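Where a number appears in this text, it was derived from the coordinates with a stated rule and is not lab data. These numbers were taken from a predicted model, which means no experiment stands behind them. Here the Cβ is made from the backbone with ideal geometry for all residues, glycine too, and neighbour counts use every protein chain on show.
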Amino acid sequence: MACRNPYFRDVAWSWIKVNFNAIRKIYEATGTLSRVSASIIPFLGLQAKEEVENFFSNLEIPEASLGIRTGLEILQVYSRLR
């Protein structure tokens with residue numbers, strides 16, 4: 001996963017911000033977006049915590065809400081450990 005690589009994290013974050021709506025349409029009404037969100041949010045937020053929190057907190061995506069909430073909680077834990 002690209003967002004786990006600290007040298008590529010900024011590029012991955014920029015790409016996700018631009019393409020998130022397209023990704024959402026692809027995975028609409030599935031659990032995939034929720035699982036992916038839960039796994040990428042903590043790593044993306046390591047270098048841009050407030051920006052990642054603001055971006056994902058303001059989204060209203062029922063099928064991904066659990067994953068987004070989980071990812072944001074894990075981000076909080078990771079940020080406290082740093």
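Brief remarks follow.
- Within region 36-72, restricting attention to residues that are surrounded by 13 or more Cβ atoms within 10 Å (Cβ to Cβ) and among the charged types (D, E, K, R), the residue that is nearest to Arg4 (Cα to Cα) is Lys49.
- No other residue among Lys25, Lys17 is among the basic types (Lys, Arg), touching a residue at least 24 places away in the same chain (Cβ under 8 Å) and part of a helix (DSSP H, G or I) apart from Lys17.
- Check on Tyr27, aromatic (Phe, Trp, Tyr), surrounded by fewer than 15 Cβ atoms within 10 Å (Cβ to Cβ) and either at negative phi or out of contact with any Gly (no Cβ under 6 Å at 6 or more places or on another chain) (or both): no
- Of all residues in region 33-60, those that are over 10 Å from Leu72 (Cα atoms) have Cβ atoms under 6 Å from Cβ atoms of residues that are of a type outside the set (S, T, N, Q) and not in a helix (DSSP H, G or I), 6 or more apart or on another chain, in Leu33/Tyr27.
- Ile26 being under 13 Å from the mean Cα position of the chain (by Cα) and hydrophobic (A, V, I, L, M, F, W, C): no
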